[in-house]
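Scroll down for the structure; my scribbles are underneath it.
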Amino acid sequence: MKRLLVFLLIILFCYDAKAQSFIDSNKTFRIIVPFNTGGYADALARVIADGLSQNIRQPVIVENRPGGFVAVGAQYVMNQPSDGHTIMLTGNGMTAVKRFNPDMTIDLHREFSVTNIIVKSPLVTVVSRGTDITNAYQLINLIRRNPEQYSFASMSGGGIAGMGTILFLNHIQGNMLNVPYSGYASAIIDLQANRINMMSVEIPTARQLVDNGNIPIMVSSSLRTSYFPNIPTWREIGVDSEFYAFQAFWVRSNTPRYIRQELNRILTAVANSDQVKTRLVQMGLDSNDIINNSLDQHESFINNEINIWSPR
């Protein structure tokens with residue numbers, strides 16, 4: 001019995017050493033953001049990079065490689081070794097790519113695997129201050145009676161603004177005019193000018209829109225958000241679904257599982273550290289939006305999201 005115990009301890013020690021050894025101080029650790037600087041994903045990546053650098057005691061470089069939806073950044077990661085030192089930060093588009101970008105030459109579902117969903121938060125639907133819509137119940141009645149008379153903003157090639165609204169419309173069997181934009185900035189300008197009626201956005205953006213006189217009417221979660229406690233959820237207004245904007249870290253799918261598990265452990269610890277959590281809350285996130293899950297749980301969530309957005 002004693003020999004067996006010693007043998008098991010040796011195995012555990014060797015496994016732990018193997019798991020820890022993938023971080024090599026002689027290799028550059030990179031976070032690839034497939035979008036321009038200054039956006040939400042870029043800001044999140046830099047907060048995590050600072051915390052990660054302290055955790056692994058070596059520099060962590062954030063590189064922006066925008067273009068082709070996420071194709072430019074993804075191709076760069078695919079050309080790097082599968083050793084866990086190059087990771088990509090991006091969100092919902094990875095699970096919905098076959099729905100919104102069917103012509104993309106890279107099969108993101110086959111080439112990439114998730115390690116961590118770092119943050120996950122609901123969308124807030126905000127209507128223009130110049131529209132005649134004042135609440136979610138009124139919105140549903142109006143768009144059912146007047147299909148495509150009212151408009152919503154989406155991002156060309158997908159994007160959570162459009163994804164959330166499209167899912168909502170599918171569930172209520174309603175229709176609105178889909179107005180695609182290349183980015184949030186131009187959509188916000190048109191919302192302010194009442195050239196479009198509605199946007200579904202993350203909480204930090206929603207707070208800015210509401211501060212400028214626009215009206216929040218619903219949130220896409222199952223529970224109300226502390227930032228808009230008086231605004232009903234989808235389920236409260238009769239929509240049997242929910243939708244969350246998430247940002248996740250991805251690696252090449254052929255990265256050894258023990259590396260992905262160790263990345264999951266490290267990145268979870270970083271995101272939930274007091275220093276990083278404080279900075280994320282300052283960005284406008286609720287502390288409950290910061291995720292603390294196992295690799296298996298993240299994989300299950302991603303698989304479910306892929307099924308939701310698979311072409312039918």
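The values are calculated or read from the model by the stated rules, or taken from the named source; none is laboratory data. What you see is a predicted model, and the numbers here were worked out from it, not measured in a lab. Glycine gets a Cβ as well: all are built from the backbone with ideal geometry, and neighbour counts include every protein chain shown. Calculation scope for accessible area: heavy atoms of the full protein, side chains included, ligands and nucleic acids excluded. Shrake-Rupley method; radii C 1.70, N 1.55, O 1.52, S 1.80 Å.
Odds and ends about this structure:
- Which labelled figure in (i) 77, 17, 14; (ii) 32, 23, 19; (iii) 39, 20, 19 is semi-axes √(5λ) of the Cα gyration tensor in Å, once derived from the coordinates: (iii)
- Within-12-Å neighbourhood charge of residue 71 [Cβ basis; K, R +1; D, E -1]: -2
- Carbon-plus-sulfur accessible fraction, the chain (probe radius 1.4 Å, protein heavy atoms only): 50%.
- GNM on the chain, alpha-carbon springs under 10 angstrom: the most fluctuating residue among 113, 25, 151 is 25.
- Inter-label distance, nm, simple model (7 Å from Cα along the C-beta direction), residue 303/residue 82: 1.9 nm
- Our summary gives the chain a relative contact order of 25 percent, counting only alpha carbon pairs under 8 angstrom and 6 or more residues apart.
- Per the Cα gyration tensor, region 52-113 maps to an equivalent ellipsoid with semi-axes of 25, 12, 11 Å, ordered largest to smallest.
- Of 123, 295, 177, the one that fluctuates the most in a GNM where the chain has Cα springs shorter than 10 Å: 177
- Accessible surface, 1.4 Å probe, highest first, among residues 98, 120: 98, 120
- Think of a 1.4 Å ball rolled over the protein heavy atoms: the chain then has 46 Å² of accessible area per residue.
- Highest-fluctuation residue, 197, 101, 92 considered, GNM on the chain with Cα pairs under 10 Å: 101
- The per residue volume of the convex hull around the alpha-carbon atoms of region 250-312 is 116 Å³.
- Protection-proxy order for peptides 79-89, 219-229, each taking the mean of Cβ atoms within 10 Å per residue, highest first: 79-89, 219-229
- Among 265-271, 198-204, 182-188, the order from most to least packed when residues are scored by Cβ within 10 Å on average: 198-204, 265-271, 182-188
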